[in-house]
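Peer 1: I have a structure I would like to understand better, so I am pasting it below and will then ask my questions one at a time.
The values are calculated or read from the model by the stated rules, or taken from the named source; none is laboratory data. Predicted model, so just to flag it, every value in this text is computed and none were measured. Here the Cβ positions follow ideal geometry from the backbone for every residue, glycine too, while neighbour counts run over all protein chains shown. Calculation scope for accessible area: heavy atoms of the full protein, side chains included, ligands and nucleic acids excluded. Shrake-Rupley method; radii C 1.70, N 1.55, O 1.52, S 1.80 Å.
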Amino acid sequence: MKFLTVSFIRPLGILAALLLIVTSAQAGPPLICHTLEIGNAKSLPWTDHSWNLTGNESYNLKNLVPDTLAILDSGAPVLVHMETLRRATLYARKNPQIAKELITRLMARAADVSDGQHPGALALFDAGYLAECYKQWIGRNLPHATDNLPMDPNPAANLDGYALVKQAISLRGQDPEMEFAAALITLEGPQPDHQQRVLRATAGAAIDPLLAQNLKMHFNGASGITVAELLSKSTKTNQ
């Protein structure tokens, strides 16, 4: 019986992993295709209840870089940074020059974390998170999501955004919202790092009402799995 038990564990684990990958793939890239709740905080203009742009927006892309930087420098919570960078990525794909300018500005901002103007941890986080957002959206062909969008090269293709996010967490210390961001980035690995990010984010939600609200939200606005359940399943699958 022991041998039978062992023989079934690995196939079941592989099946669970495949189901998790299919679930997240169907829902879309987690950093892009899921809107974060930020309350009444200011972010980039957004007129639709969906995660994606409608194509009817009147926002002037020439303002994207200065508007994004102004929000990131406003002292807003990390969740606001995450949602702002998600929206910025969706806008930036429309114009490759602006997309490159935005990531270049954020990387330069992160390169000098001791300039006294930007909190070092947040500057690193912003550059890293935007790089990971770009990787999940710019230059990718996602059926029914990126139809008719340009397939320009990704200016963050050679950047290790997650490494910057990890540096930010090291500088910042305990920050459950940054841990939540890291958990989303590593949804499909690497492990076991992802497991620790999920545990820290979940524990921190006990004293962070906005984070707790985001964990309770249904992933991608669907009526099925919640964000917390998705992250929890990912940790169990990889154990």
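Peer 1: Just give me the residues in the stretch 35-84 being within 18 Å of D208 (Cα to Cα), of a type in the set (A, V, I, L, M, F, W, C) and in a helix (DSSP H, G or I), in sequence order.
Peer 2: Residues satisfying the conditions are V78, L79, V80, M82.
Peer 1: A further question follows. Just the residues that are surrounded by 12 or more Cβ atoms within 10 Å (Cβ to Cβ) and at pLDDT 95 or above, please, taken from the stretch 53-69. Give the steps one after another, and end with the answer.
Peer 2: Residues of the stretch 53-69 that are surrounded by 12 or more Cβ atoms within 10 Å (Cβ to Cβ), as a first pass: 53, 57, 59, 61, 63-65, 67-69.
Within the stretch 53-69, L61, N63, L64, V65, D67, T68, L69 qualify.
Peer 1: Does at least one position in the stretch 168-176 carry a residue that is open to solvent by 20 Å² or more (accessible area, probe 1.4 Å), on the phi < 0 side of the Ramachandran plot and among the hydroxyl-bearing types (S, T, Y)?
Peer 2: yes
Peer 1: Also: Modelled with pLDDT of 95 or more and out of contact with any Asp or Glu (no Cβ under 6 Å at 6 or more places or on another chain): does that describe A183?
Peer 2: On the way: modelled with pLDDT of 95 or more: yes; out of contact with any Asp or Glu (no Cβ under 6 Å at 6 or more places or on another chain): yes.
Yes; evaluated as a whole, the condition is true for this residue.
Peer 1: Another question about this same structure. How many residues are over 17 Å from the mean Cα position of the chain (by Cα) and in a helix (DSSP H, G or I) when one looks only at the stretch 169-185?
Peer 2: Of the residues in the stretch 169-185, the ones over 17 Å from the mean Cα position of the chain (by Cα) are 170-174.
Okay, now just the ones that are also in a helix (DSSP H, G or I), so 170-172.
Of the residues in the stretch 169-185, 3 are over 17 Å from the mean Cα position of the chain (by Cα) and in a helix (DSSP H, G or I).
Peer 1: Say we look at the stretch 34-52 and pick out the residues that are open to solvent by less than 50 Å² (accessible area, probe 1.4 Å) and modelled with pLDDT of 90 or more; which of these is nearest to E101 (Cα to Cα)?
Peer 2: By that ranking, first place goes to L44.
Peer 1: Can you work out which of the residues in the stretch 186-233 that are part of a loop (DSSP other than H, G, I, E, B) and among the charged types (D, E, K, R) is most open to solvent (accessible area, probe 1.4 Å)?
Peer 2: First, pick out the residues of the stretch 186-233 that are part of a loop (DSSP other than H, G, I, E, B): 186-192, 208, 217, 222-225.
Among the residues that remain, those that are also among the charged types (D, E, K, R) are: 188, 208.
On the way: E188: 132, D208: 24 Å².
Among residues in the stretch 186-233 that are part of a loop (DSSP other than H, G, I, E, B) and among the charged types (D, E, K, R), the one most open to solvent (accessible area, probe 1.4 Å) is E188.
Peer 1: If you don't mind, there's one more thing I want to ask. Checking the structure you have, find out if any residue of the stretch 105-122 is under 18 Å from P150 (Cβ atoms), modelled with pLDDT of 95 or more and open to solvent by 70 Å² or more (accessible area, probe 1.4 Å). Step through it out loud before you land on a result.
Peer 2: So the first thing to find is which residues in the stretch 105-122 are under 18 Å from P150 (Cβ atoms), and the list is none.
Scanning the stretch 105-122 turns up no residue that is under 18 Å from P150 (Cβ atoms), modelled with pLDDT of 95 or more and open to solvent by 70 Å² or more (accessible area, probe 1.4 Å).
Peer 1: Hey, another quick one. Output the number of the condition that M1 fails; it satisfies all remaining conditions of (1) open to solvent by less than 80 Å² (accessible area, probe 1.4 Å); (2) at pLDDT below 70.
Peer 2: (1)
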